[in-house]
Amino acid sequence: MIDLETIVGDAKASFSAALTPADLENAKALFLGKTGRVTELMKGMAQLSVDEKKSRGAAINLSKQAIEAALNDRRQELADAELQKQLKSEALDVSLPGRQHTQGGLHPVSLTMERIEAIFGSMGFDVAQGPEIETDWFNFTALNTPEDHPARSMHDTFYVEGGTESAPNLLRTHTSPMQIRYAVQHVKKHRATIDAGHTMPEIRVIAPGRTYRVDSDATHSPMFHQCEGLWIGENVSFKDLKFVFTDFCRTFFESDDLVLRFRPSFFPFTEPSAEIDIQFQTGPLAGGWLEVAGSGQVHPNVVRNMGLDPEKYIGFAFGMGPDRLTMLRYGVSDLRLFFDGDVRFLSQFQS
Ligand code: DAH
């Protein structure tokens, strides 16, 4: 007869050899299952005498208990090992830095636009927005630039579908069409006052926005920004233009002794016309000039297209380049950086 101690030893050995709970359950079946070795011993007791059954039964039971204890120990060991493994794989490293949420900010050109609006707002100017797809009339003809005018060639642009032969749709080449659009609305609003022979309230507006031309290099982009300005009243003169624009530039650049130059120029929609240059005060270009705007006294034909009598109403207009103002303010040398969308460049302007 096989020695009970041998069976217990074999069971302990095969339990230790089991590396997974499934292996362990298989090993258990070999000893305690229906046809397991311990069960077979129990069955073999049938032929024994009553006394023999008692002592043999007690011995088998002891062995069975020893095997069950070994089984439970091994079950616990495997469960512990599994838990350790899990804890290790799911370990949290509390010393890792947290995930950061970066904060967005306004585009440098938007910062300039906001600044322009705030400064002109403080001088009593309204802010108006207009369409980027314009008609030929507003973009050219109403601004004293008829179809065969040579000045049109400097404003080559993108024409879009949907227009008619007499009124083609184009991407506006400047914000000047807003002079007409805004003035026409203003005149409509004050029609009764004008018809009654009274003087209408002055037009004082800026119109910032995107403009388009067939142009591309370090200082020209096919899409760029402009901000139009218009002041029309009974006694608004070129002197007021000089005062307002100089005051604006000094406030914008926070420099009380900034020097401006009004250089005679030509625009079909103003007479006389001037380009406005700013003098560099410091840096390698000190003493040099940079053009920042076109300007002039609004041409009588344009005043007429606004629906006003040029004998009574007069004023000035200007169109400046916020992209250029931004380049000057922050010392950026290539305009294209503004439109590349590179976060490393843009994040430098976060306030
Ligand atoms: N619209 C002109 C341009 O894009 C700039 C300009 C010049 C605007 C004179 C004006 C002005 O309002 O009076 O080149």
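The values are calculated or read from the model by the stated rules, or taken from the named source; none is laboratory data. None of the values given here were measured: they were computed from a predicted structure. So basically every Cβ, Gly included, is an ideal-geometry build from the backbone, and we count neighbours across all protein chains shown. All accessible areas refer to the heavy atoms of the entire protein, side chains included, with ligands and DNA or RNA removed. Shrake-Rupley method; radii C 1.70, N 1.55, O 1.52, S 1.80 Å.
Checking the conditions here, which among ALA79, ALA66 is surrounded by 17 or more Cβ atoms within 10 Å (Cβ to Cβ) and either of a type outside the set (Phe, Trp, Tyr) or modelled with pLDDT of 95 or more (or both)?
Numbers: ALA79 fails: surrounded by 17 or more Cβ atoms within 10 Å (Cβ to Cβ).
Only one candidate qualifies: ALA66.
Considering MET327, MET320, the condition of being within 13 Å of the ligand (Cβ to nearest atom) and either closer than 26 Å to GLY121 by Cα or touching a Pro at 6+ places or on another chain (Cβ under 9 Å) (or both) is satisfied by MET320 alone.
Considering ILE203, ILE180, ILE232, the condition of being touching a His at 6+ places or on another chain (Cβ under 6 Å) and closer than 17 Å to MET306 by Cβ is satisfied by ILE203 alone. Here is a check on your reading of the model: is THR175 assigned to a loop (DSSP other than H, G, I, E, B), within 12 Å of the ligand (Cβ to nearest atom) and touching a helix residue (DSSP H, G or I) at 6+ places or on another chain (Cβ under 6 Å)? When the stated conditions are applied, THR175 does not pass them. In region 140-172, the residue that is farthest from ARG304 (Cα to Cα) out of those that are in contact with a Ser or Thr (Cβ under 6 Å, 6 or more places away or on another chain), within 11 Å of the ligand (Cβ to nearest atom) and not in a loop (DSSP other than H, G, I, E, B) is HIS155. Take the conditions (1) surrounded by 15 or more Cβ atoms within 10 Å (Cβ to Cβ); (2) modelled with pLDDT under 90; (3) of a type in the set (Asp, Glu); GLU52 misses just one of them, which is (1).
Tell me whether region 312-326 contains one or more residues that are farther than 19 Å from VAL205 by Cβ and free of Cβ contacts under 8 Å to residues at least 40 places away in the same chain. Looking for residues that are farther than 19 Å from VAL205 by Cβ and free of Cβ contacts under 8 Å to residues at least 40 places away in the same chain, one finds none in region 312-326, hence no.
Across region 167-187, what is the number of residues that are touching a residue at least 12 places away in the same chain (Cβ under 8 Å) and over 26 Å from SER221 (Cβ atoms)? The number of residues fulfilling the criteria is 5. Can you report the number of residues in region 92-117 which are in contact with a helix residue (DSSP H, G or I) (Cβ under 9 Å, 6 or more places away or on another chain) and either over 18 Å from GLN348 (Cα atoms) or among the β-branched types (Val, Ile, Thr) (or both)? Count: 4.
Does region 167-187 contain any residue that is at pLDDT below 90 and either in the same structural domain as GLY315 (by TED's automatic domain parsing) or under 27 Å from ARG204 (Cα atoms) (or both)? Spell out the reasoning first.
Of region 167-187, the ones at pLDDT below 90 are 167-168.
From what is left, the residues that are either in the same structural domain as GLY315 (by TED's automatic domain parsing) or under 27 Å from ARG204 (Cα atoms) (or both) are 167-168.
Yes: one or more hits.
Just a yes or no: is a residue in region 92-100 outside any helix (DSSP H, G or I), within 60 Å of the chain's Cα centre (by Cα) and modelled with pLDDT of 90 or more? No, region 92-100 has no match at all. Contact map, region 90-115: residues that are among the hydroxyl-bearing types (Ser, Thr, Tyr) paired with residues that are open to solvent by 70 Å² or more (accessible area, probe 1.4 Å) and assigned to a loop (DSSP other than H, G, I, E, B), Cβ distance under 9 Å, separation 6+ or inter-chain. No pairs are found.
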